[in-house]
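Student: Before anything else, here's the structure in question.
The values are calculated or read from the model by the stated rules, or taken from the named source; none is laboratory data. Predicted model, so just to flag it, every value in this text is computed and none were measured. Neighbour counts run over all protein chains shown; Cβ positions are idealised from the backbone, glycine included. Heavy atoms of the whole protein, side chains included, go into the accessibility calculation; ligands, DNA and RNA do not. Shrake-Rupley method; radii C 1.70, N 1.55, O 1.52, S 1.80 Å.
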Amino acid sequence: MTSGQGDASEEEFVEALVELRADASAGDLVPWCSRHGIDVLPMTAGALLTGSGRSLAEAFEVPRLGNRSRPQSLPVPPALASTARSVTVLPTPTPGARDRLP
């Protein structure tokens, strides 16, 4: 499979951005994410979640992450409703894509 194309492997490394609610912090995500095998990295205006495709799909109750050539919105689970405004899986980078920029 070519990177950036096709369906995500269940064991493929996945990154997702979380937009936090105004009164929330990345630390509020840690207990829920750690129970699901997902790591949380604080960012200036949110958090970066990292883990396997399987971990994220199971945690966010989607059958699979599917095609990762474009960003993919995930439903915010009820347990994170007071913390997260949105969750977006980042597309798989295409090797050499930056080299083709003008």
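Student: Scan the stretch 45-88 for residues that are of a type in the set (Ser, Thr, Tyr) and either assigned to a helix (DSSP H, G or I) or open to solvent by less than 20 Å² (accessible area, probe 1.4 Å) (or both) and jot them down.
Tutor: To start, the set of residues in the stretch 45-88 that are of a type in the set (Ser, Thr, Tyr) comprises 50, 52, 55, 69, 73, 82-83, 86, 88.
Passing the criteria: THR50, SER55, THR83.
Student: Does ALA84 meet the test of being within 14 Å of the chain's Cα centre (by Cα) and at pLDDT below 95? I'd like the intermediate steps shown before the answer.
Tutor: On the way: within 14 Å of the chain's Cα centre (by Cα): yes; at pLDDT below 95: no.
No; evaluated as a whole, the condition is false for this residue.
Student: Here are the criteria: (1) modelled with pLDDT of 90 or more; (2) assigned to a loop (DSSP other than H, G, I, E, B). Tell me which single one THR92 does not satisfy.
Tutor: With (1) modelled with pLDDT of 90 or more; (2) assigned to a loop (DSSP other than H, G, I, E, B) applied to THR92, the lone miss is (1).
Student: Which of the residues belonging to the stretch 22-44 are in a loop (DSSP other than H, G, I, E, B), open to solvent by less than 90 Å² (accessible area, probe 1.4 Å) and free of Cβ contacts under 8 Å to residues at least 60 places away in the same chain? Talk me through it step by step, then tell me what you get.
Tutor: If we filter the stretch 22-44 for residues that are in a loop (DSSP other than H, G, I, E, B), which is where we start, we get 22-25, 36-38, 44.
Filter once more, so that each one left must be open to solvent by less than 90 Å² (accessible area, probe 1.4 Å): 24-25, 36-38.
Within the stretch 22-44, SER25, HIS36, GLY37, ILE38 qualify.
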